[in-house]
Amino acid sequence: MISPLAYVDPEAQIGQNVKIGPFCYIDKNVVIGDDNELMNSVTILSGARIGRGNIFFPGAVISAIPQDLKFRGEETTVELGDNNKIRENVTINRGTAAKGRTVVGNGNLLMEGVHIAHDDIVGNGCIIGNCTKLAGEVTVDDFAILSACVLVHQFCRVGSYTMVGGGTRSSQSIMPYTICAREPATYCGLNIVGLRRRGFDRETINHIHEAYRIIYQAGLSLSDAVDTINRELQLTPEIQYILSFIEDTKQRGFVH
């Protein structure tokens with residue numbers, strides 16, 4: 001299952017039923033779980049911790065050192081979950097002393113040329129389009145969709161079930177359940193189609209819509225909008241998530 005044209009360091013830990021194609025390079029201090037497939041010319045460097053059932057297309061580079069001038073060679077990792085598709089030329093960098101690890105969860109599709117920088121956290125079920133770049137310490141919550149050529153500034157957060165339009169550049173966090181696009185990045189309404197596809201019922205969607213009406217259209221300050229939501233809306237898990245997202249992103253702010 002390992003091509004004679006591949007290099008695998010003797011210290012690397014390789015699971016069962018792993019396919020490693022020609023011209024792959026597997027460094028020391030690497031753990032690769034069962035049922036992974038590495039096509040040709042995949043590079044897995046020191047600090048990679050890879051789960052099960054992932055597929056890596058040619059040119060992917062996992063766990064290269066961070067592109068951060070503050071990095072001083074500290075022992076850090078990339079932690080990749082299960083059943084991800086890592087397409088051609090994707091790069092996922094190791095963490096720094098800030099968090100110590102870069103994390104990609106389960107069931108994600110990272111399309112050609114995606115860059116996941118140091119200390120990023122990508123959740124589960126996300127789709128990240130061709131040539132999209134995440135700067136350092138970005139968080140992408142579950143089931144977010146980032147279209148092609150999206151740029152996300154460091155320290156930002158992208159909420160769950162969000163759709164970010166192609167070519168969008170965001171220097172602020174992007175609220176969950178929304179569509180974000182245009183130049184400059186702008187709130188473009190609720191991701192209704194995406195929510196329906198994910199099984200959200202009409203009542204839940206209406207609750208979310210009412211919360212965003214208060215935040216974006218009622219002419220209130222942010223603190224007054226939060227107070228109004230707490231006072232007037234049923235605090236379902238979705239509404240609580242929106243409120244906690246606002247609290248967590250106060251320093252950076254979010255797209256309006």
**Prompt:** Under the Karplus relation 6.51 cos²θ - 1.76 cosθ + 1.60, θ = phi - 60°, what is the ordered set of whole-Hz ³J(HN,Hα) values for the range 207-224, x standing for Gly and Pro?
**Reply:** 4, 4, 4, 5, 4, 6, 4, 5, 5, 9, 10, 8, x, 9, 5, 4, 5, 5
**Request:** Identify which of ARG213, ARG157, ARG94 has the largest mean-square fluctuation in a Gaussian network model of the chain, with springs joining Cα atoms closer than 10 Å.
**Result:** ARG213
**Message:** Based only on other Cβ atoms within 10 Å, what is the fewest-to-most ordering of THR96, THR228, THR102?
**Reply:** THR228, THR96, THR102
**Asked** With springs only between Cα atoms under 10 Å, which of ILE26, ILE174, ILE55 fluctuates most in a Gaussian network model of the chain?
**Response** ILE55
**Item:** At 1.002 mPa s and 20 °C, Stokes diffusion of the range 123-226 via Kirkwood alpha-carbon radius, µm² per second
**Value:** 153 µm²/s
**Asked** Roughly speaking, what is the centre-to-centre gap between the range 126-193 and the range 52-102 when only Cα atoms are used, to the nearest Å?
**Response** 20 Å
**Request:** Return the single residue from GLN172, GLN13, GLN234 with maximal mean-square fluctuation; model: Gaussian network over the chain, springs between Cα atoms under 10 Å.
**Result:** GLN234
**Prompt:** Give or take rounding to whole Å, what are the principal axis extents of the alpha carbon atoms in the chain, in descending order?
**Reply:** 65, 39, 30
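First check a/c for the range 195-248, with a ≥ b ≥ c the square roots of the eigenvalues of its C-alpha gyration tensor; if it is under 1.5, answer rounded, and if not, answer prolate when a/b is larger than b/c or oblate otherwise.
Prolate shape, in that a/c is at least 1.5 and a/b is the bigger ratio.
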**Asked** How many lysine pairs are close in the chain, with Cα atoms under 24 Å apart and the two 8 or more places apart or on different chains?
**Response** 11
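From the Cα gyration tensor of the range 61-133, with a ≥ b ≥ c the square roots of its eigenvalues, which class applies: rounded if a/c is under 1.5, or else prolate if a/b is larger than b/c, or else oblate? Kindly include the intermediate steps, with their values, before the conclusion.
Values: a/c = 2.33, a/b = 1.61, b/c = 1.45.
Prolate shape, in that a/c is at least 1.5 and a/b is the bigger ratio.
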**Item:** Net charge, LYS85 excluded, C-beta distance under 15 Å - Lys, Arg +1, Asp, Glu -1
**Value:** -2
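Any read-out appearing in this document is the output of simple, stated calculations on the displayed coordinates, not a laboratory observation. Worth saying up front: this structure is predicted, and the values here are computed from it rather than measured. Backbone-built Cβ (ideal geometry, glycine too); neighbour counts: all protein chains shown.
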